[in-house]
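The values are calculated or read from the model by the stated rules, or taken from the named source; none is laboratory data. Everything numeric in this text was worked out from a predicted model, so none of it was measured. We place every Cβ from the backbone using ideal geometry, glycine too, and count neighbours over all the protein chains shown. Please note that ligands, DNA and RNA were not included when accessible areas were found on the heavy atoms of the full protein model with its side chains. Shrake-Rupley method; radii C 1.70, N 1.55, O 1.52, S 1.80 Å.
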Amino acid sequence: MAEGLRIRDESDWRKCLGLRRPLTEGACMIDSPTTPAWLPHPHIAVAQLASGILEYAQQAVSGDAFRLPYPANLQLALDRLTLLAWHQGAPAPASVVELLQLAQEPFGDWKIDLTGADVDPDESLLIYGRPTATCEELGSLRGDVEGEIRENALLRGVMDKARAHDAPQSYVAFRELLIRQPAIAAMELDARLADPDLALLSDEVRQAYVEAPPEAMADGVIRTCGGCSGLRLPLDDDRTWVCEDETCPAPGTAGTDHLASEGVWWLRRELRTFITAPGRAELRIADAIGKLGVSVALWPDFDACDIAVFAERPWVADIKAWRNPVRLARRLRERLFTVSPEAERAYVVIGQEQVKAHPRYVARLRKACPQVRPGQRIVAVSETEFIGAVKRRVEAEA
């Protein structure tokens, strides 16, 4: 199928493939036992749908009136999922609107077989009308998501400026601010930027935040969550308020309320997903290791890794908070972090939230990514295993 070709119904689909006979209900579209070359891979189709949803969501929060056409990725995802559905004899979404409705359902309820798409049955792409962490992870795997590009460009700018001024403490301060305060009152942000470490990066800090959305306001107040310091947003009944962050450690906890008239800033969506969420585990692990009396550095050498432990014969770790171990494995197969020659051990550490949600997370990750199995240069472990290993070395050296 040519890129961008719009398939509207079975007739168009058959013309595209040069088929003469019509479909029968439930029949397989291809007589060959092999997968036809024109059939989209479920992983690509779902990732493109996720990418389109993220683009659509970005348009929605930009404040501009929505205008057709929908983002190209949504249209292409509709075409590809339609081909998959018809090949399987499953019902296909008839429009982008139906596709977005389908995206709110758990993948386990889809009639389209998504084997190979790296998704779990209980996951969905939208919840309460907003992109999920699953959507962010799948969308980022395509490499063409605007948010991922913006995130990388912003972080590169921060890193370059901090390095040019030989100010690693400014880079650390920037990361900590984004982790600890994904939502922040305008006056407090101004006060934080007066800190010498953050003043250097004040322009970049302001680029990282956007104004809190209108739906976060009620009775002149903007509500925050006590569990993650992010925003709480209302459901359709306007009486139930929920934390926006799926990975929040205490989503039912009320935080500080701010007067909307005074202004509240909210971290950009992709930064909340890829900086704030894993950052909570990074800070928690660093705090736990620090209590053991061990030297620990966060994001050393301008993010060569997330954590470095021990001054001599250091151990280094990259902390991950991906919801799905198979998707993380795909990313790690593409790119593992670089381990310095002086490091004695290197780890990919999975946060406790992910292990709690999927008790076999580490085993599934190792199976899908042989590069992080025991015996390799970098080994995947849970947060608990990593802290326990550090503790055992401390006791052995005492």
Quiz prompt | the chain: antiparallel DSSP beta bridges as a percent of all, rounded to 5 | solution = 70 percent
Quiz item: Expressed as a whole number of Å, what is the distance separating the alpha-carbon centroids of the stretch 291-354 and the stretch 148-222?
Solution: 23 Å
Exercise. Any chance you could run the full-extension gain for T256 through N152? It's 0.36 nm times the residue separation minus the Cα-Cα distance, nm to one decimal.
Key: 34.4 nm
Quiz item: Taking all protein chains as present, what is the carbon and sulfur share of the accessible area of the chain, in % to the nearest whole number, probe 1.4 Å?
Solution: 51 percent
Quiz item: Say the cut-off is 32 Å between C-alpha atoms; which of K161/K367; K320/K391; K161/K391 go over it?
Solution: K161/K367; K161/K391
Quiz item: For the stretch 230-348, what is the convex hull volume of the alpha-carbon atoms per residue, in Å³?
Solution: 160 Å³
Self-check item: Model label zone, A90; criterion: amide N under 13 Å from point 7 Å along Cα-to-beta-carbon; scope the stretch 98-119
Solution: 102-103, 105-119
Exercise. State the dimensionless ratio Rg/Rh of the chain (Rg: radius of gyration of Cα atoms; Rh: Kirkwood radius).
Key: 1.00
Quiz item: Under a point spin-label approximation (7 Å from Cα along Cα-to-Cβ), what is the D203-E246 distance to one decimal in nm?
Solution: 3.6 nm
Quiz prompt | Of the GluC sites (Glu not before Pro) in the stretch 304-398, those whose Cβ has at most 13 other Cβ within 10 Å and which sit in DSSP loop | solution = E312, E342, E344
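Quote to one decimal, in nm, the extra length available between T115 and L235 on full extension: 0.36 nm per residue of separation minus the C-alpha distance between them. List each step's numbers first, then the result.
Values: separation 120, 0.36 × 120 = 43.20 nm, distance 3.24 nm.
The T115-L235 span can extend by a further 40.0 nm.
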Exercise. Could you tally the net charge around A186, taking each other residue with its Cβ under 14 Å from the Cβ of A186, Lys/Arg +1 and Asp/Glu -1?
Key: -2
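State in Å² the accessible area per residue of the chain; use a 1.4 Å probe, count heavy atoms of protein chains only, and round to the nearest integer. Working shown, then result.
Details: 19190 Å² over 398 residues.
On a per-residue basis, the chain sits at 48 Å².
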Exercise. Kindly provide the helix-only [θ] at 222 nm of the chain, computed as the sum of -39,500 (n - 2.57) over DSSP H runs of four or more divided by all residues, to the nearest 500 deg cm²/dmol?
Key: -12500 deg cm²/dmol
Self-check item: Inter-site label distance for R392 and Q376 at 7 Å from Cα along Cβ, in nm
Solution: 2.0 nm
Practice problem: Just read off the accessible area of M187 with the full protein assembly in place, 1.4 Å probe, to the nearest 10 Å². | Solution: 140 Å²
Practice problem: Within the chain, what's the longest run with no trypsin sites (Lys or Arg not before Pro) in a DSSP loop and at most 14 other beta-carbon atoms within 10 Å? Give the range, please. | Solution: 112-238
